[in-house]
Amino acid sequence: MLEVFLSYLPYALITTFTPGPNNLMSLYSVSSGGWKKGGRVILGIFAGFSAVMIMVIAFCNELANYAPELVKHLKYVGAAYILWLACHIAMSKPSESSEKSLSFRSGLVLALSNVKVILYLITIFTAYIIPSGAGFAEMLAHGAIIIAISAVSWCTWGTAGSIMQRFLARYYRPFNIAMGIALVWCAVQILR
C-alpha cells in the first residue's frame, strides 16, 4: 500500500493544493465570514468530497466504462455552477455575505459538482490504485488518505483567507473580482 501511495502522492499534492473551486471557495468563505461561517462551507466541501469519494470507490469499474459520457455531462453542470459562484463572488459586497452564500449546502453542492475532483479521483483510482490489485478495503484506505490530504488543503486555503481578512475587508472589490476571474478560469479549464 505504501508503494502505491508514494506513486500517486506527487499528483495528489499538486492537484489538491493548486487553485481550484474547493480551494478558492475555502479562501473566500473564511476571508468573508471568518472561521465560524467559512468553516460551514469547508465542512460542506468535506461532505461532498467524501460522498464523491465513496461513489468513485464503489463504482470505479462502471465509471471507467461510462466515464466519457458521464464526464461530458458533469463537465457542463460543474462549469455552470462555478460560473454562478464566480458572478456571485465578483459582485458581492462584504455585507452581502449571507448565511445562504456561506453555508454547508453551498460547500456541499460545490464539491458534488466539481468535475476537477471527479476526474482527479477517477484518475488516481484507475491509474494507480486499481492496477496495483487493491481490494475494496485498500481502496477505502487510500480514499481516507486522499480525503485527509484534501482537508489539509482546504484548511490551508481557509487559513490564508483568515490571515488576509482585515486586508480584504478594506479591498474587498478587487479581491472579489480577482476570485471571480479565478473561478471563471477554473470553469474554462473544465470545458477545455
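The number of residues in region 11-39 that are touching a residue at least 60 places away in the same chain (Cβ under 8 Å), open to solvent by 50 Å² or more (accessible area, probe 1.4 Å) and hydrophobic (A, V, I, L, M, F, W, C) comes to 3. Within region 124-144, the set of residues being loosely packed, with under 15 Cβ neighbours inside 10 Å and within 16 Å of the chain's Cα centre (by Cα) comprises just one member, 144.
Residues in region 42-52 that are open to solvent by less than 20 Å² (accessible area, probe 1.4 Å) and in contact with a Leu (Cβ under 6 Å, 6 or more places away or on another chain) were compared, and the one that is nearest to residue 126 (Cα to Cα) is 48. Screening the candidates 148, 187, 134, 127 for the property of being small (Gly, Ala, Ser) and under 15 Å from residue 20 (Cα atoms) yields one hit, 187. For region 153-167, residues that are touching a Gly at 6+ places or on another chain (Cβ under 8 Å) and within 12 Å of residue 41 (Cβ to Cβ) total 2. From the list 148, 178, 127, the one residue that fits, being modelled with pLDDT of 80 or more and closer than 30 Å to residue 1 by Cα, is 148.
Given the criterion within 24 Å of residue 47 (Cα to Cα), outside any helix (DSSP H, G or I) and aliphatic (A, V, I, L, M), identify the matching residue among 102, 183, 119, 110. I'd like the intermediate steps shown before the answer.
Details: 183 fails: outside any helix (DSSP H, G or I); 119 fails: outside any helix (DSSP H, G or I); 110 fails: outside any helix (DSSP H, G or I).
It is 102.
Among the numbered conditions (1) surrounded by fewer than 16 Cβ atoms within 10 Å (Cβ to Cβ); (2) under 17 Å from residue 154 (Cβ atoms); (3) at pLDDT below 85, the only one that residue 59 does not meet is (2).
The values are calculated or read from the model by the stated rules, or taken from the named source; none is laboratory data. Model, not experiment: these values are computed from the prediction. Cβ: placed from backbone, ideal geometry, glycine included. Neighbour counts: every protein chain shown. Protein only, heavy atoms only, side chains kept; ligands, DNA and RNA dropped before computing areas. Shrake-Rupley method; radii C 1.70, N 1.55, O 1.52, S 1.80 Å.
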